[in-house]
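Heads up, the thing below is written out as structure tokens.
The values are calculated or read from the model by the stated rules, or taken from the named source; none is laboratory data. Quick caveat: nothing in here was measured; it's all calculated off a predicted structure. With ideal geometry, Cβ positions are generated from the backbone for all residues, glycine too; neighbour counts draw on all protein chains shown.
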Amino acid sequence: MQLIFERGNRDEPAGHALVYFQAEDGAVLATYVTVPPIAFDLTKFVPQFLSSMFQDIEMPEGVVATPVPPVPEEVAGLEYLRRLAERRSDDLVFAGGTSRSDPMRLVAEAQEAAREYGELYESSAGVSAPAPSRVPPADIFKYEGLTEEERLNELTRLTGRARDALREGSVDGDLHQELQNLVSSLPAKYRADRLVAAAETPGEHGERLASLYLQRAYKLHREEYLDLERIDREIDALSQ
């Protein structure tokens, strides 16, 4: 499962997130995942009427992240979740497609999403304090007036320039800095930093990887989630 952070930082999760799935009929199903300060075994607290659902699911000892409700519920829509996450300062995480007709699958996927979110939170807990912030270069502000799609279009244009530059030699410092400035203006969910790293990697491997990251960014922006899992699998295969 690939968790996509639409609000919040994948490298530093807040510890509480609205996690949602998209059903085959377009419905948005959501659960709330929290990482408590003290680890505990979730199965000790499952009500009797739900216990049968967990019999075939392997539960690790000391579960640190819990989805509530355990079966994701339909909500008013994605925009509703975005407003709710903003209001509550929650992470907003997309966990992929699902089938609302299969409760067992929903339970398992909610648990899997919670487990992965908990692992991301745990891994971030040992990260050293970030370096002191610095004033961003003035050029970064030229993107402030652009919509996200316009910034993605600009990223596509600059990626093309980077690939052309590599064919002739190397990416110069000015183009590299322009790409970095643009990356800083985009939400982390687009993984623009990885796209730029691929764009500046010589050869067919870098070109294919950059192309996949661009496709992923546009699919994510346009909320065309059906192809995201396939694209992520291709990216993972090329990144190994």
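Going by the structure shown, is GLY145 surrounded by fewer than 16 Cβ atoms within 10 Å (Cβ to Cβ), modelled with pLDDT under 90 and on the phi > 0 side of the Ramachandran plot?
Working: surrounded by fewer than 16 Cβ atoms within 10 Å (Cβ to Cβ): yes; modelled with pLDDT under 90: yes; on the phi > 0 side of the Ramachandran plot: no.
No, not satisfied.
Please list, ordered by first then second residue, the pairs with beta carbon atoms under 7 Å, 6 or more apart or interchain, first in segment 91-112 and within 18 Å of ALA14 (Cα to Cα) and of a type in the set (Val, Ile, Thr), second modelled with pLDDT under 90 and surrounded by fewer than 17 Cβ atoms within 10 Å (Cβ to Cβ).
No pair meets every condition.
Condition (residue is within 20 Å of GLY8 (Cα to Cα), free of Cβ contacts under 8 Å to residues at least 12 places away in the same chain and exposed (fewer than 13 other Cβ atoms within 10 Å of the Cβ)) applied to segment 214-228: is it met by at least one residue?
Just the residues of segment 214-228 that are within 20 Å of GLY8 (Cα to Cα), to begin with: 216-223, 225, 228.
Now narrow it down to the ones that are free of Cβ contacts under 8 Å to residues at least 12 places away in the same chain: 222.
Keeping just the survivors that are exposed (fewer than 13 other Cβ atoms within 10 Å of the Cβ) gives 222.
Within segment 214-228, one or more residues are within 20 Å of GLY8 (Cα to Cα), free of Cβ contacts under 8 Å to residues at least 12 places away in the same chain and exposed (fewer than 13 other Cβ atoms within 10 Å of the Cβ).
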